[in-house]
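Notes for the one structure printed next.
Computed from the coordinates by the stated procedures, all read-outs in this text should not be read as laboratory data. Here the structure is a predicted model, which means the values were calculated and not measured. Heads up, the Cβs are rebuilt from the backbone with ideal geometry, glycines too, and the neighbour counts pull from every protein chain shown.
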Amino acid sequence: MIDKLSGYLDHHQEALSLRHERQKVLANNIANADTPNYKARDFDFSAELDRAMQSGGRGQEGGLSLTTTSARHIPAQATGGGGVHDLLYRVPEQPSLDGNTVDMDRERAAFADNALRYQANTTILTSKIQGIKGAMQPER
């Protein structure tokens, strides 16, 4: 039963995690708008979400494993196997003299769009959880 509930909510959990990661990347771009030779970064959200869902999500077992080279090493499981794998550089529309590729208009628009989509994902996830809670309540 719990596995089915988890599977039902995994897509939204992954979407929220990736939206959070993208928000950090975009905020980093904005923070470094005046840094010489800084290269703006971003990632393809839909491709990363597809990759995360095909790999079974972050919460699944079988994440990263650490290799031991000696029998005396302590076996361990790496945490945080998720994350963005393909962080790309932005191609500037107009190059700057100092080598910085941050376009503040583009970054602000992407930041606002991502924040709005994060809020939408949160609203959808909340309504799904409320629906599940409602289904679990006994009828009166």
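For this structure, a couple of remarks:
- Reachable lysines from LYS4, criterion Cα separation under 27 angstrom, eight or more residues apart if same chain: LYS128, LYS133
- Cα gyration tensor shape of the chain, rounded if a/c is under 1.5, else prolate or oblate by comparing a/b with b/c: oblate
- Mean ellipticity per residue at 222 nm, deg cm²/dmol - from DSSP H runs of n ≥ 4 across the chain, formula -39500 (n - 2.57): -18500 deg cm²/dmol
- Straight Cα distances below 16 angstrom link LYS24 to the lysines LYS39, with same-chain residues fewer than 8 positions distant left out.
- Likely footprinting exposure, TYR8, TYR89, fewest C-beta neighbours within 10 Å first: TYR89, TYR8
- Rounded to the nearest 20 debye, the dipole magnitude of the chain is 500 debye, with +1 charges on Lys and Arg beta carbons, -1 on Asp and Glu beta carbons, and the Cα centre as origin.
- Taking ASP10, ASP44 and counting other C-beta atoms within 10 Å, the order from fewest to most: ASP44, ASP10
- Across the chain, C-alpha contacts under 8 Å between residues 6 or more apart give a mean separation that, scaled by the residue count, equals a relative contact order of 35 percent.
- Inter-label distance for ASP50 and THR67, nm, one decimal - labels placed 7 Å from Cα along Cα-to-Cβ: 2.9
- The overall shape of the range 88-133 is prolate: from the C-alpha gyration tensor, with semi-axes ordered a ≥ b ≥ c, the ratio a/c is 1.5 or greater and a/b exceeds b/c.
- Length gained when the stretch PHE43-LYS4 is fully extended (0.36 nm per residue, less Cα-Cα span): 11.0 nm
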